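Take a look at the structure below.
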Amino acid sequence: MKILYVQHDMLVWASARQWSYTTHMAYVEGLRAAGHEVLVLFTSCWAGSRKLVGDHRFDQVWINDVTHVLGQRPAWEAPPPLAEVDFAWLATLAPVRVGIVMETLHYDAADYAEVPELGRRVPLMQRAVLPYVTHFGVVDENDVRHIENMGAQAVWTPCHVPRRFFRRSAPNTSRPAVFIGSAYQRRAKYQHNDRLKQGLLEFRASGEHATELPKMFDQLNNPVRQAMLEQPCRQADMERFVDTLQQVRAKLFDLFLDGLSDSLATVNLTSFVKTYAGRVVESMAIGQPVVSWRIPSHPQTARLFREDEHILFFENDDPESLADTLERLKREPGLAERIGERCLANAKSHHTSEHRVAQILEWTRTGIAPRFWD
């Protein structure tokens with residue numbers, strides 16, 4: 001098939017790093033692995049999109065993602081948001097339009113109180129996106145029902161990792177578990193817990209900061225991109241730009257994965273998004289055990305990984321419960337190694353980008369929701 005893939009991106013790495021490679025160009029890897037012809041457009045180069053597309057038509061259009069692409073941010077940080085007219089144009093290019101949703105759409109009252117911006121996303125999406133997208137892939141299983149109630153088709157799409165990033169790194173039980181991510185307000189108690197501070201949990205910075213790669217990302221998105229857009233729009237130039245930026249992002253992702261190794265486990269702390277964060281499957285892809293919060297009221301998410309075989313949990317957003325689980329992982333001989341081996345095998349079977357994209361494509365054809373476990 002011929003597929004047009006629209007990817008939203010930020011203009012500076014300090015902001016772009018919030019979106020892992022697995023939530024970004026991993027979809028393109030999956031589409032191309034299946035033999036499809038893919039034209040990639042970045043929203044950062046949207047001004048030239050209509051000239052690049054010209055009279056071409058496609059079998060499918062994929063847009064990633066349809067919530068953040070609507071957000072208004074400072075011009076130095078992000079490109080202008082897409083508008084309803086842009087989605088109307090995309091709807092003329094293919095009979096099937098797939099919108100990827102990388103956030104939970106409906107939050108708890110406490111979440112809205114802490115981050116009011118969360119409440120503005122769904123009304124924007126309903127007005128600008130919903131009339132023009134035929135199929136939605138959502139990361140929160142409960143949003144399948146919400147989108148179907150709006151009159152569109154939706155499927156749950158848990159996180160995935162391209163096969164080429166899979167590797168084996170044995171857990172190091174003499175080291176703390178690690179968390180790489182934002183230590184925002186609700187996570188601060190984990191930094192200050194006395195037991196966790198005694199060699200159980202390390203808030204670790206990603207290794208990217210010791211390299212030139214973040215600066216390369218910023219240079220590509222600013223002087224290089226700007227100079228390209230000032231010239232007559234040529235597909236070869238755009239493809240070169242996309243390919244270079246993808247390579248930089250892939251190297252940055254490799255560094256992130258390296259940062260998860262040489263540790264007891266990866267910790268997945270509570271988050272606004274009501275699904276496993278990308279770091280869960282990303283850690284499993286390198287054979288690293290994961291200790292995660294238990295996500296309530298999400299029965300399919302609970303089935304993804306078997307407790308004590310693929311994953312361990314801590315309870316009730318409680319640092320003491322996390323400390324108990326990490327001490328168990330250190331104390332029980334062979335437990336970390338067994339979980340690392342089994343979660344890696346499970347991720348290889350069910351959570352590669354190549355497999356996940358194939359599942360989404362089959363669902364757009366048949367309407368039958370895929371299975372994500374044995």
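The values are calculated or read from the model by the stated rules, or taken from the named source; none is laboratory data. As the structure is a computational prediction, the values presented were derived from the model and not from experiment. We place every Cβ from the backbone using ideal geometry, glycine too, and count neighbours over all the protein chains shown. Remember, those area values only see protein heavy atoms, side chains included, never the ligands or the DNA or RNA. Shrake-Rupley method; radii C 1.70, N 1.55, O 1.52, S 1.80 Å.
Can R240 be described as open to solvent by 30 Å² or more (accessible area, probe 1.4 Å) and in a helix (DSSP H, G or I)?
It is true that R240 is open to solvent by 30 Å² or more (accessible area, probe 1.4 Å) and in a helix (DSSP H, G or I).
Each row is one residue, and each column tells you yes or no for (1) in contact with a Lys or Arg (Cβ under 8 Å, 6 or more places away or on another chain); (2) of a type in the set (A, V, I, L, M); (3) under 30 Å from V53 (Cβ atoms).
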position	(1), (2), (3)
C233	yes, no, yes
L245	no, yes, yes
V248	no, yes, yes
L264	yes, yes, no
Q300	no, no, no
L329	no, yes, no
E332	no, no, no
E337	no, no, no
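Would you pick out the residues in segment 120-148 that are of a type in the set (K, R) and either in a loop (DSSP other than H, G, I, E, B) or surrounded by fewer than 20 Cβ atoms within 10 Å (Cβ to Cβ) (or both)?
Those that are of a type in the set (K, R) and either in a loop (DSSP other than H, G, I, E, B) or surrounded by fewer than 20 Cβ atoms within 10 Å (Cβ to Cβ) (or both): R120, R127, R145.
Kindly establish whether E282 is in contact with a helix residue (DSSP H, G or I) (Cβ under 9 Å, 6 or more places away or on another chain), crowded, with 21+ Cβ neighbours inside 10 Å and acidic (D, E).
yes
Hey, any hits in segment 201-219 for a residue that's in contact with an Asp or Glu (Cβ under 7 Å, 6 or more places away or on another chain), open to solvent by less than 20 Å² (accessible area, probe 1.4 Å) and either closer than 21 Å to I286 by Cβ or not β-branched (V, I, T) (or both)?
The answer is no, given that none of the residues of segment 201-219 is in contact with an Asp or Glu (Cβ under 7 Å, 6 or more places away or on another chain), open to solvent by less than 20 Å² (accessible area, probe 1.4 Å) and either closer than 21 Å to I286 by Cβ or not β-branched (V, I, T) (or both).
Can you spot a residue in segment 344-361 that is farther than 30 Å from P95 by Cβ, in contact (Cβ under 8 Å) with a residue 12 or more places away in the chain and in contact with a Pro (Cβ under 9 Å, 6 or more places away or on another chain)?
no
For V53, indicate whether it is open to solvent by 10 Å² or more (accessible area, probe 1.4 Å), modelled with pLDDT of 95 or more and β-branched (V, I, T).
For V53, the condition - open to solvent by 10 Å² or more (accessible area, probe 1.4 Å), modelled with pLDDT of 95 or more and β-branched (V, I, T) - is not met.
Table: residues versus (1) under 22 Å from V138 (Cβ atoms); (2) β-branched (V, I, T).
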residue	(1), (2)
S15	no, no
T22	yes, yes
M25	yes, no
G35	no, no
T43	yes, yes
R50	no, no
F58	no, no
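Looking at segment 257-276 only, could you name the residues that are in a loop (DSSP other than H, G, I, E, B) and either surrounded by fewer than 22 Cβ atoms within 10 Å (Cβ to Cβ) or in contact with a Cys (Cβ under 9 Å, 6 or more places away or on another chain) (or both)?
Across segment 257-276, the qualifying residues are S261, D262, T270, S271, F272, V273, T275, Y276.
I'm checking my understanding of the structure. Among residues of segment 7-36 that are within 20 Å of Q247 (Cβ to Cβ) and either without any contact (Cβ under 8 Å) to a residue 24 or more places away in the chain or part of a strand (DSSP E or B) (or both), which one is least open to solvent (accessible area, probe 1.4 Å)?
Only one residue fits best here, namely Q7.
Answer yes if at least one residue in segment 158-181 is out of contact with any strand residue (DSSP E or B) (no Cβ under 7 Å at 6 or more places or on another chain), modelled with pLDDT of 95 or more and of a type in the set (G, A, S), and no otherwise.
yes
Look at T173 and say whether it is of a type in the set (V, I, T) and within 20 Å of P289 (Cβ to Cβ).
Yes.
If I ask for residues that are within 21 Å of I3 (Cβ to Cβ) and either aromatic (F, W, Y) or open to solvent by 60 Å² or more (accessible area, probe 1.4 Å) (or both), which ones from segment 56-79 would you list?
Across segment 56-79, the qualifying residues are H56, R57, F58, D59, W62.
Go through segment 37-50 and give me each residue that's touching a strand residue (DSSP E or B) at 6+ places or on another chain (Cβ under 6 Å) and either within 29 Å of T352 (Cβ to Cβ) or open to solvent by 10 Å² or more (accessible area, probe 1.4 Å) (or both).
Hits for segment 37-50 are E37, V38, L39, V40, L41, F42.
Please go through segment 322-356 and give me each residue that is part of a helix (DSSP H, G or I), surrounded by 15 or more Cβ atoms within 10 Å (Cβ to Cβ) and of a type in the set (S, T, N, Q), ordered by number.
The answer is T325, N346, S353.
This table checks each residue for (1) open to solvent by 50 Å² or more (accessible area, probe 1.4 Å); (2) among the aromatic types (F, W, Y); (3) in a helix (DSSP H, G or I).
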| position | (1), (2), (3) |
| --- | --- |
| R164 | yes, no, yes |
| S169 | no, no, no |
| T173 | yes, no, no |
| G181 | no, no, no |
| A188 | no, no, yes |
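So is D111 more than 24 Å from E84 (Cα to Cα), outside any strand (DSSP E or B) and either within 20 Å of the chain's Cα centre (by Cα) or among the acidic types (D, E) (or both) or not?
Spelling it out, D111 is indeed more than 24 Å from E84 (Cα to Cα), outside any strand (DSSP E or B) and either within 20 Å of the chain's Cα centre (by Cα) or among the acidic types (D, E) (or both).
Just a yes or no: is a residue in segment 181-189 under 27 Å from R249 (Cα atoms) and free of Cβ contacts under 8 Å to residues at least 40 places away in the same chain?
Looking for residues that are under 27 Å from R249 (Cα atoms) and free of Cβ contacts under 8 Å to residues at least 40 places away in the same chain, one finds at least one in segment 181-189, hence yes.
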